[in-house]
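Derivation of every value follows stated rules applied to the coordinates shown; laboratory data play no part. Since the structure is predicted, the reported quantities are computational estimates derived from the model, not experimental observations. Heads up, the Cβs are rebuilt from the backbone with ideal geometry, glycines too, and the neighbour counts pull from every protein chain shown.
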Amino acid sequence: MNLRTASSTLALTLGASLAPGALADMPQMGGPMKHIRVMFDESSAAIHLHVDDSISTPILDNAGGPYAGNAGALDGLMHNAQYGWMVEGFWAPPAGSNLWIEQTSATPGLLAFQGGMMSMMGSHTFAPIFGTDGSDSTLMWNGLMLHNWYAASAAGDYTAAYNVYFGDSSGVPTPGFTPGSVTLHWTALPAPGSLALLGLTALGARRRRTN
Ligand SMILES: [Cu+2]
C-alpha cells in the first residue's frame, strides 16, 4: 500500500465513524409538531382534546442514531416525537388535582418514552411510559408542552388511545369531571428512501384520491 492509498483509506474510515455519531447525538422529531390541544370547558366540567389535522400522520423511522445518553433507548427502533400535548386557554386543574394522561389501548409493539419540550432536549428523560417495559399506563403531566417519543421495531400502522383527566397525586380520578379522549396514529417505515417507503407513499396517494 503506498502513502496516498493509506491516507485516503484513513479518511474514509474517519468519515464513516465520525459523521453519523457526531450529527445524530440527539434524535430528531421526525417532522413538524402535531399538537393535541387540551381544553377545559368549566361550564360542562369537561376536558376536550383536538388533534391538529393539518399535519399528516407521523412516520416512525429509523433515521439517525446511535444516540447519546438516555436517548439511546431509541437506538435500533423506528421513532417519532411529532405529537405534542399542549394546554390551550387559561385554566388550571381543580384544587388538589393534577392533569393525567392515560393510555387506554395501543397497537401491540408500540413503545413510548418520556420526552418534553423540543427546545429543551435536556428535559427529555426517555424513561419508558404508557406500559412500555412494565411502566404505568398513566403519566402525570405538568401542562407544559410535552412531546413524548414513540417507537416500534416492526413496520406497519400503529394507533394509541388516550384519556386526559383530573386526578389526585396518585392518579385516582377527581369525581365530577368528564375526561377528554383522543386516538393517535403513526406509520412505521423501515428506512427513508427504501422500496417500502416508496410503496407506502404511492398507497397513501391512492388513498387520498379515493377519499
Ligand atoms: Cu410542540
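One table, with the values for the structure above:
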| item | result |
| --- | --- |
| Which numbered condition residue 105 misses (of (1) hydroxyl-bearing (Ser, Thr, Tyr); (2) closer than 18 Å to residue 36 by Cα; (3) in contact with a Pro (Cβ under 9 Å, 6 or more places away or on another chain)) | (3) |
| Matching residues in region 40-76 - criterion: being over 11 Å from the mean Cα position of the chain (by Cα), away from the ligand (no atom under 16 Å from the Cβ) and in a strand (DSSP E or B) | 40, 41, 46, 47, 48, 61 |
| Residues of region 104-149 classified as away from the ligand (no atom under 16 Å from the Cβ) and either assigned to a loop (DSSP other than H, G, I, E, B) or touching a helix residue (DSSP H, G or I) at 6+ places or on another chain (Cβ under 8 Å) (or both), total | 17 |
| Complete set of residues in region 77-93 that are of a type outside the set (Asp, Glu) and either away from the ligand (no atom under 11 Å from the Cβ) or not in a strand (DSSP E or B) (or both) | 77, 78, 79, 80, 81, 82, 87, 89, 90, 91, 92, 93 |
| Given (1) over 23 Å from residue 182 (Cα atoms); (2) crowded, with 17+ Cβ neighbours inside 10 Å, index of the condition residue 69 fails | (2) |
| Boolean, residue 182 is under 17 Å from residue 81 (Cβ atoms), hydrophobic (A, V, I, L, M, F, W, C) and assigned to a strand (DSSP E or B) | yes |
| Residue 165 vs. criteria hydroxyl-bearing (Ser, Thr, Tyr), within 15 Å of residue 80 (Cα to Cα) and in a strand (DSSP E or B) | no |
